[in-house]
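Asks: Sending over a structure as structure tokens; questions will come in a sec.
The values are calculated or read from the model by the stated rules, or taken from the named source; none is laboratory data. Bear in mind the structure is a predicted one, so any value in this text is a computation, not a measurement. Here Cβ is always computed from backbone atoms with ideal geometry, including for glycine, and neighbour counts include all displayed protein chains. With ligands, DNA and RNA removed, areas are computed over all heavy atoms of the protein, side chains included. Shrake-Rupley method; radii C 1.70, N 1.55, O 1.52, S 1.80 Å.
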Amino acid sequence: QVPLVESGGGSVQAGGSMRLSCVASGNTLQFADMSWYRQPPGLQRDLVASINVGGITTYADSVKGRFTISRDNAKNTVSLQMNNLKPEDTAIYFCNMNLFNKPSWGQGTQVTVSS
């Protein structure tokens, strides 16, 4: 597994914005498909957004138009810009790397959106 470290979580009011970042160890990120997942309390972990090696992005329907995933291979970083946050976005957010079909996970960062 490749160590991944997330940052940027916290608490925000509905309608606010937050940016999550995930840094991968070594120069591995440029070769990997990257994703953000989230897990609300008591629920399963679901895919939020993905960006592949070529920069193509996909999003869950629930976040389309509000969230943007991006990558900076030079900085070994993938980010998730979250705008117009809603209480239902409250969850632990996890960074995921798929490097040559081998997954790695970050430790997760809590995002709490209050109404």
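Asks: Give Ser50, Ser62, Ser21 a once-over and let me know the one that is modelled with pLDDT of 95 or more and not in a strand (DSSP E or B).
Replies: Result: Ser62 is the single residue among Ser50, Ser62, Ser21 that is modelled with pLDDT of 95 or more and not in a strand (DSSP E or B).
Asks: So for segment 31-39 (the condition being in a strand (DSSP E or B), open to solvent by 50 Å² or more (accessible area, probe 1.4 Å), farther than 21 Å from Gly10 by Cβ and free of Cβ contacts under 8 Å to residues at least 60 places away in the same chain), does at least one residue qualify?
Replies: no
Asks: Restricted to segment 65-99, and to residues that are in a loop (DSSP other than H, G, I, E, B) and without any contact (Cβ under 8 Å) to a residue 24 or more places away in the chain, which residue is surrounded by the most Cβ atoms within 10 Å (Cβ to Cβ)?
Replies: Top of the filtered list is Arg66.
Asks: Moving on. Would you say Val23 is in contact (Cβ under 8 Å) with a residue 40 or more places away in the chain, open to solvent by 30 Å² or more (accessible area, probe 1.4 Å) and in contact with a Lys or Arg (Cβ under 8 Å, 6 or more places away or on another chain)?
Replies: In short, yes.
Asks: Mind counting the residues in segment 14-63 that are hydroxyl-bearing (Ser, Thr, Tyr) and within 13 Å of Gly108 (Cβ to Cβ)?
Replies: Here the count works out to 1.
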